[in-house]
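Worksheet: the structure to be examined is printed underneath.
The values are calculated or read from the model by the stated rules, or taken from the named source; none is laboratory data. Source: prediction; values computed, not measured. In this analysis, Cβ positions are derived from the backbone assuming ideal geometry, glycine residues included, and neighbour counts consider all displayed protein chains.
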Amino acid sequence: MDTNEKRPQQMKKIIHIDMDAFYASVEQRDNPAYRGKPIVVGAPPDRRGVVAAASYEARQFGIRSAMASFQAAQRCPDVIFVPPRFEVYTHVSQQIRAIFAEYTNLIEPLSLDEAYLDVTENKKGLSSATLIAREIKARIFEETGLTASAGVSYNKFLAKVASDMDKPNGLYLILPEKAESFLERLPIEKFYGIGKVTAAKMMSLGIHTGGDLKKFSEEELFQMFGKLGLFYYRIVRGQDDREVENEWIRKSIGAENTFDTDLLAMEDLVRELAPLAREVHDWMQRHNTYGRTVTLKVKYDNFRQITRSKTGWDVVDDYDDLMDTLKALLLKTEAGKRKVRLVGVSVSNFGQKIALPEQPNVRQLRLEFKWG
């Protein structure tokens with residue numbers, strides 16, 4: 001045998017775990033009065049909020065995440081609106097991640113309620129990814145009382161598609177030898193990475209299934225969809241060489257609020273910015289992570305949205321400094337002249353604080369902002 005000949009690369013075993021209606025399921029678990037009833041996690045209709053999550057009972061009425069709360073109430077007058085408890089969801093997510101870590105270190109979280117796991121080489125020494133997925137689902141239910149759906153295949157794209165095939169509490173396997181025939185039959189709107197707008201465009205071109213998509217050449221798909229066309233060409237053939245990335249690094253931290261009533265006065269807007277800035281600053285303190293770029297988001301009453309940013313030479317680690325920057329950025333908007341329905345605060349460009357020599361006799365002067 002030629003010792004220089006490359007051995008074929010081992011086919012990966014990837015699991016995608018997706019919690020079932022996560023936020024809503026946590027609320028139904030913790031409050032028996034919500035069980036079996038349509039509930040929405042999010043602000044009620046009179047708060048002009050959106051649906052963060054909907055129970056499966058609510059989904060039967062066509063209620064979905066990101067839908068306006070008033071639309072959800074119209075579709076189901078009996079729907080129960082429940083305020084979100086993100087600290088609880090985070091705690092449960094940490095419990096689930098700890099279960100994942102018993103099987104592999106190659107974990108790529110996508111959000112609080114879903115993650116990819118590479119179990120090609122795993123801590124249990126199990127050869128079956130399906131068996132691992134079944135064990136993980138059982139452990140999640142045992143420790144949290146919640147159900148999860150799992151998809152198993154040889155790459156991330158197929159595992160993600162598989163996890164959505166048999167919800168809730170499903171487990172779906174796509175074998176390598178079955179992948180292309182499976183994708184050929186799959187409705188185009190079921191392809192992960194093809195959104196509603198693109199799916200509608202494809203259907204207008206006669207592309208209704210993976211088999212229809214597969215008829216087009218790489219060049220034709222590039223002409224129709226640009227670089228994404230190259231992606232579509234590969235995934236319909238079951239090709240996805242992306243690794244499970246376990247080095248997930250947060251790029252920014254932010255908070256925002258939509259007002260019950262549009263605001264005009266600058267004093268009112270500053271008052272609304274204060275708790276958002278406090279939330280962002282508290283997160284940075286807890287994680288000892290600070291950023292150099294402060295961004296203010298403003299949405300006017302006509303729904304036009306703008307952002308204003310400032311990047312300093314050092315990180316912003318002081319709450320008052322953060323508020324001063326936000327006030328200065330607010331002056332660069334039309335706030336005070338045009339009504340505002342939403343403000344948001346975010347900090348990014350994380351880095352180390354620059355160490356300066358102590359200057360005990362120097363006192364930082366703080367600017368007083370005058371409106372008008």
- Item | Filter result (assigned to a strand (DSSP E or B) and touching a Gly at 6+ places or on another chain (Cβ under 7 Å)) within region 256-280 | Glu256, Thr258
- Subset of region 190-241 [farther than 18 Å from Tyr154 by Cβ, part of a loop (DSSP other than H, G, I, E, B) and of a type outside the set (D, E, K, R)]: Ile194, Gly195, Leu205, Gly206, Ile207, His208, Phe216, Ser217, Gly226
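Here is a yes/no grid of residues against (1) within 24 Å of Arg139 (Cα to Cα); (2) at pLDDT 95 or above:
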{"site": "Gln9", "(1), (2)": "no, no"}
{"site": "Lys13", "(1), (2)": "yes, yes"}
{"site": "His16", "(1), (2)": "yes, yes"}
{"site": "Asp20", "(1), (2)": "yes, yes"}
{"site": "Pro38", "(1), (2)": "no, yes"}
{"site": "Ala43", "(1), (2)": "no, no"}
{"site": "Asp46", "(1), (2)": "no, no"}
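Matching residues to (1) modelled with pLDDT under 95; (2) over 29 Å from Gly49 (Cα atoms); (3) among the hydrophobic types (A, V, I, L, M, F, W, C):
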residue	(1), (2), (3)
Arg278	yes, no, no
Arg341	yes, no, no
Val345	no, no, yes
Gly351	yes, yes, no
Pro360	yes, yes, no
- Item | Residue list for region 202-218, restricted to those being free of Cβ contacts under 8 Å to residues at least 12 places away in the same chain and among the charged types (D, E, K, R) | Lys215
- Of the residues in region 219-251 that are under 15 Å from Ile107 (Cβ atoms) and free of Cβ contacts under 8 Å to residues at least 60 places away in the same chain, the one that is farthest from the chain's Cα centre (by Cα) is Glu247
- Just a yes or no: is a residue in region 186-199 touching a residue at least 60 places away in the same chain (Cβ under 8 Å) and either among the hydrophobic types (A, V, I, L, M, F, W, C) or touching a helix residue (DSSP H, G or I) at 6+ places or on another chain (Cβ under 6 Å) (or both)? no
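This table checks each residue for (1) of a type in the set (D, E, K, R); (2) at pLDDT 95 or above; (3) part of a loop (DSSP other than H, G, I, E, B).
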site	(1), (2), (3)
Ala52	no, no, no
Ala58	no, yes, no
Phe70	no, no, no
Pro84	no, no, yes
Ile99	no, yes, no
- Query: Residue check, Gln94 against (1) part of a loop (DSSP other than H, G, I, E, B); (2) under 18 Å from the mean Cα position of the chain (by Cα), all met but one. Which one?
  - Reply: (1)
- Only residues that are buried (at least 16 other Cβ atoms within 10 Å of the Cβ) and in a loop (DSSP other than H, G, I, E, B): list them for region 126-166, please. Leu146, Thr147, Tyr154, Asn155, Met165
- Task: Return yes when Glu184 is in the same structural domain as Val315 (by TED's automatic domain parsing) and either more than 30 Å from Ser309 (Cα to Cα) or outside any helix (DSSP H, G or I) (or both) and no when it is not.
- Result: no
- Message: Can you confirm whether Ala24 is modelled with pLDDT of 95 or more, surrounded by 14 or more Cβ atoms within 10 Å (Cβ to Cβ) and not polar (S, T, N, Q)?
- Response: yes
- Task: Determine whether region 298-314 contains at least one residue that is under 27 Å from Thr90 (Cα atoms), out of contact with any helix residue (DSSP H, G or I) (no Cβ under 8 Å at 6 or more places or on another chain) and outside the structural domain of Glu87 (by TED's automatic domain parsing).
- Result: no
- Filter region 297-334 for residues that are out of contact with any strand residue (DSSP E or B) (no Cβ under 6 Å at 6 or more places or on another chain) and either among the aromatic types (Phe, Trp, Tyr) or in a strand (DSSP E or B) (or both); which is farthest from Glu279 (Cα to Cα)? Phe303
- Message: Quick test for you: out of Val298, Val294, Val316, pick the one residue that is of a type in the set (Val, Ile, Thr), under 27 Å from the mean Cα position of the chain (by Cα), at pLDDT below 95 and buried (at least 19 other Cβ atoms within 10 Å of the Cβ).
- Response: Val316
- Task: Mind listing whichever residues of region 107-125 are part of a loop (DSSP other than H, G, I, E, B), at pLDDT 95 or above and among the aliphatic types (A, V, I, L, M)?
- Result: Val119
- Task: Select, from Val40, Val26, the only residue that is of a type in the set (Val, Ile, Thr) and farther than 20 Å from Glu256 by Cβ.
- Result: Val26
- Query: Which condition number in (1) at pLDDT 95 or above; (2) over 21 Å from the mean Cα position of the chain (by Cα) is the one that Ser149 fails?
  - Reply: (2)
